[in-house]
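Asker: Questions regarding the structure given below will be posed in turn.
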Amino acid sequence: MEGVEQLQKWIDESGYIVFFGGAGVSTESGIPDFRSVDGLYHQKYDYPPETILSHTFYMHKTEEFYKFYRDKLLCEGAKPNAAHLKLAELEMAGKLKAVVTQNIDGLHQAAGSKKVLELHGSVLRNYCQKCGKFYDMSYIKETTGVPTCECGGNIKPDVVLYEEGLDQSIMQESVSNIKNADMLIIGGTSLAVYPAAGLIDYYRGKRLVLINRDTTPMDGRADLVIHGSIGEILGQIKVNENGI
């Protein structure tokens, strides 16, 4: 595939790679995204997904929020794909220093990645809003209505809803890694969700790679653009076991 050879060369020559990914990284694991033709925005619900996944909706229509959340966001059984596995391999080899992700599915960690900065949180973590007790995804999946803690408080997923701010410590760590990177690979994202998409502005290097099925507003700024399946593209990369 055109561009893969160049990608391989740059990976071989780089020592501080950062990967920044979005929903497209997980669609190949069967997790629906929002903006593609088959994504959640094109399905029929009483409210648009963006409305349902907002702080206001969660506060005022909590039970309805949880119906959608269990049905569409708790994808039990989803497995890491070739992209997740290759990124974990690159980290183990000492090449990849961090994965910055907009995804909330935990598949990077399931693949073996250690340094994962989750901009939008994770469905694997859920906390009582009253006492702070932790509950895993299985607990939420098995409940009906609004899940409640033994103390009586409502349980909320540790995900950043629309209208909520991002975790500033995660943002700062993401910015720091991107600033230090000698290669930034962006994959599976339309680069349409801010402030996350603004992270690209902190990269100062000359190896900015965009891998996506469709064109993005940032294609013109990239040093290398590869259109196609991210799992298929990263799956072709060979990793030197001896690291850098």
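The values are calculated or read from the model by the stated rules, or taken from the named source; none is laboratory data. Treat the numbers as computed from the prediction; the structure is a model and nothing was measured. When we count neighbours, we look across all protein chains shown, and the Cβ atoms used for this are built from the backbone with ideal geometry, even at glycine. When the accessible area is computed, the model is the full protein with side chains, heavy atoms only, and any ligands, DNA or RNA have been set aside. Shrake-Rupley method; radii C 1.70, N 1.55, O 1.52, S 1.80 Å.
Asker: Considering only segment 46-94, state which residues are under 18 Å from the mean Cα position of the chain (by Cα), over 13 Å from residue 161 (Cβ atoms) and part of a loop (DSSP other than H, G, I, E, B).
Answerer: 74, 75, 76, 77, 78, 79, 80, 81, listed by residue number.
Asker: So in segment 63-98, with the set limited to residues that are among the basic types (Lys, Arg) and touching a strand residue (DSSP E or B) at 6+ places or on another chain (Cβ under 7 Å), which one is surrounded by the fewest Cβ atoms within 10 Å (Cβ to Cβ)?
Answerer: Among them, the one singled out is 97.
Asker: Just to verify a result, which residue in segment 168-210, among those that are among the small types (Gly, Ala, Ser) and within 25 Å of residue 5 (Cα to Cα), is modelled with the lowest pLDDT?
Answerer: Checking each candidate, the answer is 190.
Asker: Moving on to the next point. Check whether at least one residue in segment 194-213 is under 24 Å from residue 52 (Cα atoms), in a loop (DSSP other than H, G, I, E, B) and either of a type outside the set (D, E, K, R) or under 17 Å from the mean Cα position of the chain (by Cα) (or both), and report yes or no.
Answerer: At the first step, the residues of segment 194-213 found to be under 24 Å from residue 52 (Cα atoms) are 194-197.
Now restrict to residues that are in a loop (DSSP other than H, G, I, E, B): 194-195.
Add one more test, that the residue is either of a type outside the set (D, E, K, R) or under 17 Å from the mean Cα position of the chain (by Cα) (or both), and what stays is 194-195.
Scanning segment 194-213 turns up at least one residue that is under 24 Å from residue 52 (Cα atoms), in a loop (DSSP other than H, G, I, E, B) and either of a type outside the set (D, E, K, R) or under 17 Å from the mean Cα position of the chain (by Cα) (or both).
Asker: Answer yes or no as to whether residue 97 is over 11 Å from the mean Cα position of the chain (by Cα) and in a loop (DSSP other than H, G, I, E, B).
Answerer: Considered against the rule, which asks whether it is over 11 Å from the mean Cα position of the chain (by Cα) and in a loop (DSSP other than H, G, I, E, B), residue 97 comes out as no.
Asker: Kindly indicate whether any position in segment 136-158 is open to solvent by less than 70 Å² (accessible area, probe 1.4 Å), β-branched (Val, Ile, Thr) and touching a His at 6+ places or on another chain (Cβ under 9 Å).
Answerer: Taking every residue of segment 136-158 in turn, none turns out to be open to solvent by less than 70 Å² (accessible area, probe 1.4 Å), β-branched (Val, Ile, Thr) and touching a His at 6+ places or on another chain (Cβ under 9 Å).
Asker: Inside segment 147-164, can you point out the residues that are farther than 16 Å from residue 125 by Cα and in contact (Cβ under 8 Å) with a residue 40 or more places away in the chain?
Answerer: The answer is 162, 163, 164.
Asker: Considering each residue of segment 193-221, count those that are in contact (Cβ under 8 Å) with a residue 24 or more places away in the chain and out of contact with any Lys or Arg (no Cβ under 7 Å at 6 or more places or on another chain), and give that number.
Answerer: Of the residues in segment 193-221, 17 are in contact (Cβ under 8 Å) with a residue 24 or more places away in the chain and out of contact with any Lys or Arg (no Cβ under 7 Å at 6 or more places or on another chain).
Asker: Let me ask something else. Listed residues 192, 111, 197; which is small (Gly, Ala, Ser), open to solvent by less than 70 Å² (accessible area, probe 1.4 Å) and farther than 24 Å from residue 86 by Cβ?
Answerer: Values: 111 fails: farther than 24 Å from residue 86 by Cβ; 197 fails: farther than 24 Å from residue 86 by Cβ.
The conditions single out 192.
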